Amino acid sequence: MNLKNILIGIEGLKAKGNLDIEIKKITNDSKNVSEGDMFIAIKGFEKDGHNYIQDAIASGAKVILVQEDMLKQIIPLIPNEVTLITAPDSREATAICACNYYDNPSRKLQLIGITGTKGKTTTTFMIKSILEKQGIKTGLIGTIYAYSGSKKLEDSVRTTPDSIKLQELLAKMVEDGCQACVMEVSSQSLKLHRVDGCDFNIGIFTNFYEDHISEKEHPNMEDYFNSKLKLFKMCKYGFINVDDINTIKIPKLVPQCMIKTYGIDNECDMLAKDITITNSYVDFRVKINGKNERIKTDIPGRFSVYNSLASICVAEKLGCSTENIKEALETVKVPGRSELVDNKLGLTIMIDYAHTPESLESILQAVKSYTRGRVISVFGCGGDRDKAKRPNMGAISGKIANYTIITSDNPRTEDPETIISQIEEGIKKTKGNYECITNRTDAIKKAIKMANKNDIIVLAGKGHESYQEINNQKIDYDERKIVKEIIEEINQ
């Protein structure tokens, strides 16, 4: 593509050199540069792309785009035959360049963005299921996978990919004939301009809780909220959870977006009534397309009502039939999100990705509210990550679960028993019953053997992951297969 076309729409751009040249590809990874490419230098949290400009030129980069405030340091490094471009913010420029390079694929799709602290993944899968039941081929981008229709494009590295990868995925969906794409939009992706240039049709704000507050993410809750709010400055239509005290402020803050509400406890446009929650499903009554309907989904918990309502709002907006909405929600499966594992013993065994104090508390409280028997919690904490959360998670499980089995979960380069002992510090402060079993398979086996049909076993932490990460190696470990193998062994 001609460089002039790639640069359309970048404000404050300055250039030195020839702009009327053809570019083979754009990249922000110096290792990915080849002859005839454009390299964009970005200041990262750990690495600064400006330090790799000479490597990019040596690999054949024809064009270098840099952050404006780095110009004086960079000019001596650039030979005359290489075009140098500066922009006030190279992250923002990357996003615009990517949109142009891939011919603005988001304009050729119904792009639905979902932000919020919790519920993003489940809601994306619900919407995709409904739209495809309606016959609308739909892509998905999120925490677990990226899909183009039924075809998996790749496993996800982060919730929302970087801007170049994002536009590449959207372009692939357009090429495959997708008419819509539903994507998780993280606060970081909004703050760091990964989704700049995207033409969102619909936005959803699920809820807002304290999370992602750190030096590398958001300095405070205000920054976290304002980052998420950016999505609604990019949307034509929005749907928000009226029961969340933070999200209800949005209509006044973004008057240019046409916003409607959904909820359970407060008056709203899409209100759920007569809710029934069991170990294996939730159902409720709601008005769809002007008529009262009974909705059922096999993802238990009150939060599933909210996620279903958000999905119904989008489906109704896009003209989906009531029957397709009902059928899709009843059959939708979300990998590792309140995922129930069928088994020959008739036990309720749930796999969930809960791996933070907030998410563990949420899932345990949810199942506690509807389980007739005991809540048996099996979880650990990842190594080489936030150590402060470990005793907190121990205390949470000790207070809520009837029995806790502390075990190993991606210890990485740490000693798993050290991690377990740190979790144990928190649970000791509660009156909760617990034991420590380092081997995760043995821990799951103990939970299954002690459970009866009124109990629920929550296997928390791994969710959709199909591996254990130990000493820089990813070892195959799919909890669904592990549960099946244990139960077959017990049945022998």
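To the nearest 20 debye, what is the magnitude of the charge dipole of the stretch 104-331 about its Cα centre, counting +1 on the Cβ of each Lys and Arg and -1 on the Cβ of each Asp and Glu?
The dipole magnitude comes to about 500 debye.
Provide Rg and Dmax in Å for the stretch 104-331, with only Cα atoms included in the calculation.
Final numbers for Rg and Dmax: 16.5, 49 Å.
For the chain, build the charge dipole from Cβ charges (+1 Lys, Arg; -1 Asp, Glu) around the Cα centre, then report which of N2, Q365, N266 sits farthest towards its positive end.
The one lying farthest along the dipole's positive direction is N266.
Classify the stretch 339-491 from the C-alpha gyration tensor, please: rounded if a/c falls under 1.5, else prolate or oblate depending on whether a/b exceeds b/c.
Because a/c hits 1.5 or more and a/b fails to exceed b/c, the stretch 339-491 counts as oblate.
To check you understand DSSP bridge types, tell me what percent of the beta bridges within the stretch 339-491 (both residues inside) are antiparallel, rounded to 5.
Close to 25 percent.
Each label point is 7 Å from the Cα along the Cα-to-Cβ direction; what then is the distance between the points at E217 and E81, in nm?
4.7 nm
Quote the FRET efficiency, to the nearest 0.05, computed for T322 versus M258 with a Förster distance R0 of 22 Å and r equal to the Cβ-Cβ distance.
Computed FRET efficiency for T322 and M258 comes out at 0.45.
Placing +1 at every Lys and Arg Cβ and -1 at every Asp and Glu Cβ, with all other atoms neutral, what dipole size does the stretch 339-491 have around its Cα centre, in debye to the nearest 20?
Dipole about the Cα centre, nearest 20: 620 debye.
Rounded, prolate or oblate: which fits the stretch 3-100 when a ≥ b ≥ c are the square roots of the eigenvalues of the alpha-carbon gyration tensor, with rounded for a/c under 1.5 and prolate only if a/b beats b/c?
Here the stretch 3-100 falls in the rounded category.
What is the order of E217, E485, fewest Cβ neighbours within 10 Å to most?
E485, E217
How compact and how long is the stretch 201-344, expressed as Rg and Dmax of its alpha-carbon atoms in Å?
16.4, 54
Estimate the FRET efficiency between K333 and I8 by the formula 1/(1 + (r/R0)^6), using the beta-carbon distance for r and 35 Å for R0, to the nearest 0.05.
Result of the calculation: an efficiency of 0.25.
Find how much the distance from N292 to K236 grows on full extension, using 0.36 nm per residue of separation minus their present alpha carbon separation; answer in nm with one decimal.
Taking N292 through K236 to full extension adds about 17.4 nm, to one decimal.
What list of whole percents do you get for P(r) of the stretch 46-89, with Cα-Cα distances grouped in 5 Å bins up to the one holding the largest distance?
Pairs per bin, as whole percents: 5, 22, 38, 25, 9, 1, 0.
Of all beta bridges DSSP finds with both residues in the chain, what is the antiparallel percent, to the nearest 5?
35 percent
Give me the dipole magnitude in Debye, nearest 20, for the chain about the Cα centre, with unit charges on the beta carbon: positive for Lys and Arg, negative for Asp and Glu.
Dipole of the chain, to the nearest 20 debye: 1120 debye.
Between A395, N439, I490, whose Cα lies farthest towards the positive end of the dipole of the stretch 370-492 when Lys and Arg beta carbons carry +1 and Asp and Glu beta carbons carry -1, centred on the Cα centre?
A395
Calculate how many DSSP beta bridges within the stretch 142-263 are antiparallel, expressed in % of all such bridges and rounded to the nearest 5.
Counting DSSP beta bridges with both partners in the stretch 142-263, the antiparallel share is about 30 percent.
Please label the shape of the stretch 407-481 as rounded, prolate or oblate, based on the square roots a ≥ b ≥ c of the eigenvalues of the alpha-carbon gyration tensor (a/c under 1.5 means rounded; beyond that, a/b larger than b/c means prolate, else oblate).
It comes out oblate by the Cα gyration axes.
Give the residue from G380, L140, V305 lying farthest towards the positive end of the charge dipole for the chain; charges sit on Cβ (+1 for Lys and Arg, -1 for Asp and Glu) and the dipole is referred to the Cα centre.
Towards the positive end, the residue furthest out is V305.
Just from its helices, what would the mean residue ellipticity at 222 nm be for the chain, if runs of 4 or more DSSP H residues each count -39500 (n - 2.57) and the sum is divided by every residue, rounded to the nearest 500 deg cm²/dmol?
-9500 deg cm²/dmol
Grab the Cα-Cα distance for D55 and S466, subtract it from 0.36 nm times how many residues apart they are, and report the gain in nm with one decimal.
144.4 nm
Short version: ³J(HN,Hα) in whole Hz for each residue of the stretch 129-145, in order, from phi by Karplus 6.51 cos²θ - 1.76 cosθ + 1.60 (θ = phi - 60°), x for Gly and Pro, what are they?
Per residue, the Karplus-derived 3J(HN,Hα) values read 4, 5, 4, 6, 4, 6, x, 9, 5, 10, x, 9, 10, x, 5, 9, 9 Hz.
Using the Cα atoms of the chain, I'd like the radius of gyration and the largest Cα-Cα distance, Dmax, both in angstrom.
Answer for the chain, Rg first and Dmax second: 24.3, 75 Å.
All of the numbers you see were taken from the coordinates with simple rules; none came from a lab. All values reported here derive from a predicted model rather than from experimental measurement. Every residue, glycine as well, gets a Cβ built from its backbone with ideal geometry; the counts of neighbours run over all protein chains shown.
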